[in-house]
Amino acid sequence: MDRVEPVTMSVRSTSLTHAATESLPALQTLAELAARPVRFVAFWVATLLPFTYLPLLAAGAVTTHRVAFAGLIGLNAVAFVVGHGYNRPE
């Protein structure tokens, strides 16, 4: 019976490391470009959302829809955190 030798493949780790370090700045730039519109929207949501609180209080929606109002407050808090760095000088 013929003996079959296992086939092994070797990958040079230096080439993988080199490829990863070359693509890292491109990925960082892409992430920054993608984050800018998200920060923009979050900043303006955090800025304008509190203007809805007074009409909701006046209409009595806060007492009838407490969970929804709490969700609105939570959304505002998340928008403040995400939009915090918008339009800051680098």
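The values are calculated or read from the model by the stated rules, or taken from the named source; none is laboratory data. Predicted model only: the values in this text are computed from it and were never measured. FYI the Cβ positions are ideal-geometry reconstructions off the backbone, even for glycines, and counts take in every protein chain you see. The accessibility values were calculated without ligands, DNA or RNA, using every heavy atom of the protein model including side chains. Shrake-Rupley method; radii C 1.70, N 1.55, O 1.52, S 1.80 Å.
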| query | Tally Lys and Arg at +1 and Asp and Glu at -1 over the other residues with C-beta under 14 Å from the C-beta of Gly83: what net charge comes out? | reply | +3
| said: If each residue of separation counts as 0.36 nm, what is the full-extension length gain between Glu32 and Ala61 once their alpha-carbon separation is subtracted? | reply: 6.6 nm
| request: Return the distance in nm (one decimal) between the two label points of a simple spin-label model at Asn87 and Val45, each offset 7 Å from Cα along Cα→Cβ. | output: 1.8
| note | Judged on accessible area alone, 1.4 Å probe, highest first, Leu24, Leu56 line up as Leu24, Leu56
